[in-house]
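> Right, I'll just put the structure down here and ask away after.
Taken together, the values in this text are just the output of simple stated rules run on the coordinates, not laboratory data. For clarity, every value in this text was computed on a predicted model and none was experimentally measured. Cβ coordinates were reconstructed from backbone atoms using ideal geometry, including for glycine residues, and neighbour counts include every protein chain displayed.
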């Protein structure tokens, strides 16, 4: 899979600006995610960032192997776009933006920006880098 597809999810999020994706190779991202995991009760303070990496509990991108550990294997947008319709991006679909995608956009500012990314791609333009 080419690098652009690995760095931009089917929904339009930019993976390379995400702490969950950058955890294995960026100390600041790793610390942020570890703190979040501890706050959620998924890890304890006795564990380490190395445990997260060893266990593979970080995002490898939505296009990574879903038979292995995957951050969001059941994402309805991913399943629809990649599995059912075999498209690279939701914006390639004739139903874009569908009801599922419209609901997803409402879940946060970075989702709205992802939508803008897909509109840019549809116009043949370069996507934005979304910080989240």
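> Using only the alpha-carbon atoms, how far is helix 27-40 inclined from the longest principal axis of the chain? Give it as 0 to 90 degrees, nearest 10.
Helix 27-40 and the main axis of the chain meet at about 80 degrees.
> Modelling each spin label as a point 7 Å along the Cα-to-Cβ direction, I'd like the residue 28/residue 102 distance in nm, to one decimal.
3.8
> Residue 17 to residue 35: extension gain in nm, 0.36 nm per residue of separation minus the Cα-Cα distance?
4.7 nm
> So, one more: Among 32, 94, 46, which one moves the most in a GNM of the chain with springs linking Cα atoms closer than 10 Å?
46
> On a 0 to 90 degree scale, rounded to 10, what angle separates helix 109-122 from the longest Cα axis of the chain?
The helix 109-122 is inclined about 40 degrees to the chain.
> Roughly how far apart, in whole Å, are the Cα centres of region 1-76 and region 79-109?
For region 1-76 versus region 79-109, the Cα centre distance is 21 Å.
> Add -39500 (n - 2.57) for each DSSP H run of 4 or more in the chain, then divide by its residues: what number comes out at 222 nm, to the nearest 500 deg cm²/dmol?
-10500 deg cm²/dmol
> Tell me, in nm to one decimal, what length is gained between residue 94 and residue 46 on full extension, where the rule is 0.36 nm per residue of separation less the Cα-Cα distance?
Stretched out fully, the residue 94 to residue 46 stretch lengthens by 12.3 nm.
> If each residue's Cβ is checked for other Cβ atoms within 10 Å, how do 62, 18, 80 rank with the fewest at the top?
80, 18, 62
> Right, another one. In square nanometres and to one decimal, what's the mean projected area of the convex hull around the Cα atoms of the chain?
The directionally averaged projection comes out at 8.4 nm².
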